[in-house]
Amino acid sequence: MQVGPRSLSLAIPLLAALGCATSVHADNYELIVGGSDYATYTVKLAGFNGGNSFSGGAGNFGGSKLVDLSTSTTSPLSVMYCIDLTHNVVLGGQYTPTFVSNNGYVNDLDPSSVPNPAPIFALTNGAGVLTNAGQMEYLMDHFSTAVVATGNSAEIMGLQLALWKLEYGNAFSVVSVNHGGDITASAVAWENAFLNGDTSKGISVADSSSSHASYTSTDVLFLSPETLGNNPPGTTVWNQAQIALRTPVPGTLSLASILLGMVGIGRAWRRQSA
């Protein structure tokens, strides 16, 4: 099942509660960007900026939120990372509409987007879905919360570099990473650990993203924030796409939990009948 834009505003939280790995697309959301931009970087991306290096700030945008405009419900995002080196967002900025997907779809990487799709530098299937979305979802679902909690700038930026590497492939290369000093070597070491494993960092090959190409999670969201420009009026302006881990809703039951409960009830009934 694929839910179309502006339909079933409850689709994403409902699917999360059921624990389904079904793809969801919806654009009736607003993204509020948190204010904890973490570190600075200098990188290169083949074909972008004339092949020259460029710099910016990235890491976990702590305190970010997603607003369901149809219900005025605000949901906190546990962790949010940049997955777009060619655009920017403003810390504390609000972006409406924001297109939300949980299957790796990024709106401005889709050539069929209207009216003006962005140049495509990322690895995609040709229709806006990131080639390595499964590995990116795995990193966010299994590592991001613990990584951010460490407060270790090299580890936090290592995860960011790993996400960019999965998105852009060999077109992406790191020049430097700084946070209170040069942390390039340690950040790149963490990047490699997340991608391929490193037992010295407690990550085996089986635990690395390379072993989870088909991973899916309804708690990991791909966000494509947009705004309306004035040149000409009403023109879609693309902003920096993000990958986020939604904060679990306390008390929700997964489909697996429900099924297990039903199995237990069935067994108890059979024992009583016997």
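The values are calculated or read from the model by the stated rules, or taken from the named source; none is laboratory data. All values reported here derive from a predicted model rather than from experimental measurement. Positions of Cβ are generated from backbone atoms using ideal geometry, with glycine treated the same way; all protein chains shown enter the neighbour counts.
For beta carbons closer than 6 Å, sequence separation of 6+ or different chains, a first residue in segment 199-222 that is more than 15 Å from S144 (Cβ to Cβ) and a second that is in a helix (DSSP H, G or I), the qualifying pairs are K201/A193; S210/N196; A213/G134; A213/Q135; S214/G134; T218/L15; T218/A16. State whether the residues of segment 154-176 include one that is β-branched (V, I, T), surrounded by 17 or more Cβ atoms within 10 Å (Cβ to Cβ) and more than 24 Å from T227 (Cα to Cα). Within segment 154-176 (the criterion being β-branched (V, I, T), surrounded by 17 or more Cβ atoms within 10 Å (Cβ to Cβ) and more than 24 Å from T227 (Cα to Cα)), the answer is yes, since at least one residue qualifies.
Each row is one residue, and each column tells you yes or no for (1) assigned to a helix (DSSP H, G or I); (2) buried (at least 24 other Cβ atoms within 10 Å of the Cβ); (3) modelled with pLDDT under 90; (4) not hydrophobic (A, V, I, L, M, F, W, C).
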{"position": "S113", "(1), (2), (3), (4)": "no, no, yes, yes"}
{"position": "P117", "(1), (2), (3), (4)": "no, no, yes, yes"}
{"position": "I120", "(1), (2), (3), (4)": "no, no, yes, no"}
{"position": "Y138", "(1), (2), (3), (4)": "yes, yes, no, yes"}
{"position": "D141", "(1), (2), (3), (4)": "yes, no, no, yes"}
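Among the residues of segment 179-196, those that are among the polar types (S, T, N, Q) and within 19 Å of N132 (Cα to Cα) comprise N192, N196.
For segment 53-72: of the residues being in a loop (DSSP other than H, G, I, E, B) and within 13 Å of the chain's Cα centre (by Cα), which is nearest to T86 (Cα to Cα)? This residue is G59. Per the conditions (1) under 23 Å from S53 (Cα atoms); (2) surrounded by fewer than 19 Cβ atoms within 10 Å (Cβ to Cβ); (3) among the basic types (K, R), the sole criterion not satisfied by K201 is (1). The set of residues from segment 184-216 being of a type in the set (A, V, I, L, M) and part of a loop (DSSP other than H, G, I, E, B) comprises V205, A206, A213. With respect to the conditions (1) closer than 24 Å to Y168 by Cα; (2) in a strand (DSSP E or B); (3) without any contact (Cβ under 8 Å) to a residue 40 or more places away in the chain, V79 lacks only one, and its number is (3). Suppose the filter is in contact with a Lys or Arg (Cβ under 8 Å, 6 or more places away or on another chain) and either over 17 Å from F121 (Cβ atoms) or of a type in the set (K, R) (or both); does E155 pass it? Judged against the criteria, E155 is not a match. Filtered by the rule that a residue be buried (at least 16 other Cβ atoms within 10 Å of the Cβ) and under 20 Å from L159 (Cβ atoms), segment 87-111 gives V89, N102, G104, V106.
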